[in-house]
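Visitor: First, the structure itself, so that you have it in front of you.
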Amino acid sequence: MLENKKNNQIKAGLYIVATPIGNLEDITFRALEVLRNSDYILCEDTRHSIKILNHYKIKTKLVAFHQHNETKNLVKIFNDIKEGKVISLISDAGTPLISDPGETIVKKAREEGLNVTPIPGPSAAIASVSVAGFDAKFYFYGFLSKKNNIRKTELETLSQLSCTIVLYVPARDLKKTLKDLSIYLPAREVFVAREITKIHETYYKGYPDDLLDKVDKQSEKGEITIVISNKSVELKNNSDETSNLDKEIKLLINKMSSKDIAEYLSNKMNISKKIIYQNILKLNS
């Protein structure tokens, strides 16, 4: 492989560079150095990425690189690296490949034996987990499917996990997602992080059905990360009450929806709907 001709302090190769998720000051000196000395930068949207380059007076050429053309330009990119060029990959925000394009180029570059180097930095998932107050061992899932049947399967699978769970949610889908969580993970606390590091940075914490009443129209704008706690609410009364609840649920489980069962038994037995949902899921598993 030839030496990089632009800056021989930086080895030729593909650099996966993390950029700010909001506040433009959240970028490392090393990331700026790599971006300045790249022969060109692959990005999702040149109109978006030019803002940070202009902020730091970086003149490197931007090249659009997204899911629709990810495989088309690989031969040229790899040939450029073999000829000694430094090429950076950035996403619109945060660390590339974390629910962003780039998986194919990294996989193929590894297969070609090319140098692939991470330049670490901001990540909405890590930032959210760090302030949620839940167990730090977490499962990152990213975006749920938009297709209802697939989404239902995804949520059922996630409900079986005993660790903290992290989701990315389009702002317009926040209330829909909270409604889904109130059905499939009703007894887990949820932390909603919106517009992290930006002017309208906002955080909400509570159970899914409670948060439905808290979030407002303003919350439906911006980037949303949801962190789901690893622990469910436990029935704090005696085992007889647990047994009675299970008996009541079994009598109704094929006659009423989970929502109606929770509503009915909550009023009848003075037990939280969150706990009833949890027991319904346990008996259905």
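Visitor: Consider R110 carefully, then state whether it is closer than 27 Å to E201 by Cβ, assigned to a helix (DSSP H, G or I) and charged (D, E, K, R).
Guide: no
Visitor: Taking the stated definitions as given, is L174 modelled with pLDDT of 90 or more, crowded, with 20+ Cβ neighbours inside 10 Å and in contact with a helix residue (DSSP H, G or I) (Cβ under 6 Å, 6 or more places away or on another chain)?
Guide: yes
Visitor: Only one residue in N54, N69 is over 19 Å from V116 (Cα atoms), free of Cβ contacts under 8 Å to residues at least 24 places away in the same chain and within 26 Å of the chain's Cα centre (by Cα), so which one is that?
Guide: None of the other options fit; the residue is N69.
Yes or no, residue by residue, for (1) surrounded by fewer than 17 Cβ atoms within 10 Å (Cβ to Cβ); (2) under 19 Å from K274 (Cβ atoms); (3) of a type in the set (D, E); (4) under 15 Å from the mean Cα position of the chain (by Cα):
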residue: A125; (1), (2), (3), (4): no, no, no, yes
residue: G142; (1), (2), (3), (4): yes, no, no, yes
residue: S162; (1), (2), (3), (4): yes, yes, no, no
residue: K179; (1), (2), (3), (4): yes, yes, no, no
residue: L211; (1), (2), (3), (4): no, yes, no, no
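Visitor: For segment 181-198: of the residues being more than 18 Å from V129 (Cα to Cα) and not hydrophobic (A, V, I, L, M, F, W, C), which is surrounded by the fewest Cβ atoms within 10 Å (Cβ to Cβ)?
Guide: Checked segment 181-198; the qualifying residue surrounded by the fewest Cβ atoms within 10 Å (Cβ to Cβ) is Y184.
Visitor: Does any residue of segment 199-208 turn out to be in a helix (DSSP H, G or I), in contact with a helix residue (DSSP H, G or I) (Cβ under 9 Å, 6 or more places away or on another chain), surrounded by fewer than 20 Cβ atoms within 10 Å (Cβ to Cβ) and modelled with pLDDT under 95?
Guide: no
Visitor: While we're here: Here are some conditions: (1) acidic (D, E); (2) assigned to a loop (DSSP other than H, G, I, E, B); (3) at pLDDT 95 or above. D92 meets all but one. Which one does it not meet?
Guide: Condition not satisfied by D92: (3).
Visitor: OK, next. Under 9 Å between Cβ atoms, which residue pairs at least 6 apart in sequence (or on different chains) link something in segment 214-243 that is within 24 Å of I165 (Cβ to Cβ) and at pLDDT below 80 with a partner that is among the basic types (K, R) and part of a loop (DSSP other than H, G, I, E, B)?
Guide: Matching pairs, first to second residue: G222/K198.
Visitor: When residues of segment 261-285 are filtered for being over 19 Å from E156 (Cα atoms) and not small (G, A, S), how many remain?
Guide: 8
Visitor: From G94, G84, G121, G102, grab the single residue that is among the small types (G, A, S), over 23 Å from F143 (Cβ atoms) and surrounded by 13 or more Cβ atoms within 10 Å (Cβ to Cβ).
Guide: Values: G94 fails: over 23 Å from F143 (Cβ atoms); G121 fails: over 23 Å from F143 (Cβ atoms); G102 fails: over 23 Å from F143 (Cβ atoms).
Within the list G94, G84, G121, G102, the selection yields G84.
Visitor: For segment 168-198, which residues satisfy the criterion of being touching a residue at least 60 places away in the same chain (Cβ under 8 Å) and either assigned to a helix (DSSP H, G or I) or basic (K, R) (or both)?
Guide: Those that are touching a residue at least 60 places away in the same chain (Cβ under 8 Å) and either assigned to a helix (DSSP H, G or I) or basic (K, R) (or both): S182, I183, Y184, K198.
Visitor: Quickly run through segment 111-137 and pick out the residues that are touching a residue at least 24 places away in the same chain (Cβ under 8 Å), more than 30 Å from V86 (Cα to Cα) and of a type in the set (S, T, Y). Write out each step before concluding.
Guide: Start the filter on segment 111-137 by keeping residues that are touching a residue at least 24 places away in the same chain (Cβ under 8 Å), which leaves 112, 114-125, 127-129, 131-137.
Cutting the leftovers down to more than 30 Å from V86 (Cα to Cα) gives us 128-129, 131-137.
Residue satisfying the conditions is S128 alone.
Visitor: Given the condition part of a helix (DSSP H, G or I), in contact with a strand residue (DSSP E or B) (Cβ under 6 Å, 6 or more places away or on another chain) and modelled with pLDDT under 80, answer yes or no: does some residue in segment 264-279 qualify?
Guide: The answer is yes; a qualifying residue exists.
Visitor: Just the residues that are surrounded by 22 or more Cβ atoms within 10 Å (Cβ to Cβ), in contact with a Pro (Cβ under 9 Å, 6 or more places away or on another chain) and of a type in the set (S, T, N, Q), please, taken from segment 7-51.
Guide: Within segment 7-51, T19 is the sole residue that qualifies.
The values are calculated or read from the model by the stated rules, or taken from the named source; none is laboratory data. In this text, all values refer to a predicted model and were calculated from it rather than measured experimentally. Counting neighbours? That spans all protein chains shown, and the Cβs are built from the backbone with ideal geometry, glycine included.
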